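Derivation of every value follows stated rules applied to the coordinates shown; laboratory data play no part. Just so it is clear, the structure is predicted and the values come from calculations on it, not from any experiment. Glycine also receives a Cβ, built like all others from the backbone with ideal geometry; neighbour counts cover every protein chain displayed.
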Amino acid sequence: MDTQKLIIDKISSVLAATDKAQIAELKKHIDEAGRIFVAGAGRSKLVSSFLAMRLVHCGYQVNMVGEIVTPALQSGDLYLVISGSGGTKTLLPTLETAKSKGAKIVVVSMKSSSAMSDIADLTVTMGNDEVFSLTKGLPMGTSFELSTLVFLEALIGEIVFDKDLTEEGMRGVHANLE
């Protein structure tokens, strides 16, 4: 079994079934935000960390939800949550709080309809039910997480082109206390 081909083929099928027009909507929310707060749980949190780091490199003010130094979210901020199910029990109350504070909410999920999408201003739906059928060798959300990572890196690529960012400029805001 060529598992690398299996993974690449699965990511490709999810991305092919994902509406690319959602990138423009997501960029609009990002550009209109005062600050951006990013969250996820489990492996989706890892994907959200990738996105948060790249947004910082692109010049945005970004906070990871749950960190000890995360400030209070306020009206005009964007709360971006990555949740395959769209119903992660630990995150759902945070969306309700963000909404009550006047923040815009974006959910990236494999479900177009969910408890989170009911609260969100925008739901970015990855793929469809058909492409997320169980695949041996890609357990427990792997297809969602990897395809979402690639989709969000494409978003960053578009931001880089839109803002005419350079590698040198992005490195200038890269962490230097590593």
TODO: Taking the Cβ of residue 143 as the centre, find all other residues whose Cβ is under 13 Å away and add up their charges (Lys, Arg: +1; Asp, Glu: -1).
DONE: -1
- [ ] Report the net charge of residues surrounding residue 132, where surrounding means a beta-carbon distance below 12 angstrom and charges are Lys +1, Arg +1, Asp -1, Glu -1.
- [x] -1
Open item on the list: Here are labelled values, (i) 46, 39, 32; (ii) 55, 39, 36; (iii) 60, 37, 28, and one is the computed Cα extents along the principal axes in Å for what I pasted. Which one?
Closed with: (i)
Task: Cβ-placed point charges (K, R +1; D, E -1), dipole of the chain about Cα centre in debye, nearest 20 - done: 420
Task: Leading residue at positive end of dipole, the chain (Cβ point charges), from 120, 29, 160 - done: 120
Task: Mean ellipticity per residue at 222 nm, deg cm²/dmol - from DSSP H runs of n ≥ 4 across the chain, formula -39500 (n - 2.57) - done: -14000 deg cm²/dmol
Open item on the list: Tell me the relative contact order for the chain as a rounded percent, counting alpha carbon contacts under 8 Å between residues six or more apart.
Closed with: 27
- [ ] Can you figure out the FRET efficiency of residue 97 with residue 171, using R₀ = 45 Å and their beta-carbon distance, to the nearest 0.05?
- [x] 0.80
Open item on the list: A 32 angstrom limit on the alpha carbon distance is what I want to check against. Which of 104/136; 5/28; 28/111 exceed it?
Closed with: 104/136; 5/28
- [ ] Using a cut-off of 14 Å between beta-carbons, work out the net charge of the residues near residue 99 (Lys and Arg +1, Asp and Glu -1, residue 99 not included).
- [x] -2
